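As structure tokens, the structure follows; a few thoughts come after it.
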Ligand code: DX5
Ligand code: ZN
């Protein structure tokens, strides 16, 4: 049975970590031309997650290559120490993890006062109750649908129920935060994720891992529009 398509305008954020960095300019241009809404940048420190990716220098590089907003996902300890660096590098949206922020309200307020759009993310094992109090203050909630640290993992299917419950929490209070879903998103599950309540889909391997970036993004878009 075909799932009913959503009325909401869904945004697609290709995750740059899955790109071929030797061809970064070409791949960014291809994704932009294919209708990407923003680029997702995964910052990993080898402490909060068991992998190291890249930092502000690469964010700055991508900023030079595109006019699209940079959705910067900090998977790092002590994010407060680096907010300014990411602002300078060109991050438009800055997402921090609830698991590492002792004073999350302060961090979120700081991000906003710097002129960036604040978001909060939570790991698959973190309860929605952990973010309940911050919901009125953020513009995005990023639901991790894999354990953060690596691209190319399989979508954890219980995330669908979590997205549904988050949608209810936001709607019942008239909070405006968007729901972003990150990890294992592809053309086969995108419609279901959007039906559960997602507004932004992050896709790494499903876009940059494909042979044809344009076709891959179009296939994803077709599922959610
Ligand atoms: C995982 C990252 C994701 C990752 C998604 O730690 O936060 O953004 O790049 O990659 P795919 O779409 O391949 O699961
Ligand atoms: Zn991410």
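The values are calculated or read from the model by the stated rules, or taken from the named source; none is laboratory data. Note that the structure is predicted; figures quoted are calculated from it, not measured. Using ideal geometry, Cβ is built from the backbone for each residue, glycine included, and neighbour counts are taken over all protein chains shown.
Of everything in region 22-46 that's away from ligand 2 (no atom under 16 Å from the Cβ) and over 20 Å from residue 206 (Cβ atoms), which residue is farthest from the chain's Cα centre (by Cα)? Applying the filter and picking the extreme gives 22.
Residue-wise test of (1) more than 12 Å from ligand 1 (Cβ to nearest atom); (2) farther than 28 Å from residue 177 by Cα.
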residue	(1), (2)
9	yes, no
12	no, no
21	yes, yes
27	yes, yes
35	yes, no
39	no, no
42	no, no
55	yes, no
68	yes, no
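Annotation: of all residues in region 191-206 being over 14 Å from residue 40 (Cβ atoms) and in contact (Cβ under 8 Å) with a residue 60 or more places away in the chain, the one that is farthest from ligand 1 (Cβ to nearest atom) is 195. Please determine whether any residue of region 19-28 is in contact with a strand residue (DSSP E or B) (Cβ under 6 Å, 6 or more places away or on another chain), at pLDDT 95 or above and either on the phi < 0 side of the Ramachandran plot or not in a loop (DSSP other than H, G, I, E, B) (or both). Scanning region 19-28, I find no residue that is in contact with a strand residue (DSSP E or B) (Cβ under 6 Å, 6 or more places away or on another chain), at pLDDT 95 or above and either on the phi < 0 side of the Ramachandran plot or not in a loop (DSSP other than H, G, I, E, B) (or both), so the answer is no.
Taken as a whole, the condition of being in contact with a helix residue (DSSP H, G or I) (Cβ under 8 Å, 6 or more places away or on another chain) and crowded, with 16+ Cβ neighbours inside 10 Å applies to residue 27.
This table checks each residue for (1) within 16 Å of the chain's Cα centre (by Cα); (2) in a helix (DSSP H, G or I); (3) within 16 Å of ligand 1 (Cβ to nearest atom); (4) buried (at least 22 other Cβ atoms within 10 Å of the Cβ).
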{"position": "60", "(1), (2), (3), (4)": "no, yes, no, no"}
{"position": "73", "(1), (2), (3), (4)": "yes, no, yes, yes"}
{"position": "77", "(1), (2), (3), (4)": "no, no, yes, no"}
{"position": "81", "(1), (2), (3), (4)": "no, yes, no, no"}
{"position": "87", "(1), (2), (3), (4)": "no, yes, no, no"}
{"position": "94", "(1), (2), (3), (4)": "yes, no, yes, yes"}
{"position": "99", "(1), (2), (3), (4)": "no, yes, yes, no"}
{"position": "106", "(1), (2), (3), (4)": "no, yes, no, no"}
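Just one of the numbered conditions (1) away from ligand 2 (no atom under 16 Å from the Cβ); (2) in contact (Cβ under 8 Å) with a residue 12 or more places away in the chain is not true of residue 50: (1).
Taking each residue of region 156-182 that is on the phi < 0 side of the Ramachandran plot and looking for partners that are in a helix (DSSP H, G or I) and exposed (fewer than 14 other Cβ atoms within 10 Å of the Cβ) with beta-carbon atoms closer than 8 Å, six or more apart or interchain, yields 169/132; 173/136; 175/136. Against the numbered list (1) within 14 Å of ligand 1 (Cβ to nearest atom); (2) over 23 Å from residue 27 (Cβ atoms); (3) surrounded by fewer than 16 Cβ atoms within 10 Å (Cβ to Cβ), residue 121 comes up short only at (3). Do you know which residues across region 35-58 are touching a helix residue (DSSP H, G or I) at 6+ places or on another chain (Cβ under 7 Å) and in a helix (DSSP H, G or I)? Residue satisfying the conditions is 56 alone. When we screen 216, 198, 206 for residues that are within 16 Å of ligand 2 (Cβ to nearest atom), crowded, with 18+ Cβ neighbours inside 10 Å and assigned to a helix (DSSP H, G or I), the only hit is 206.
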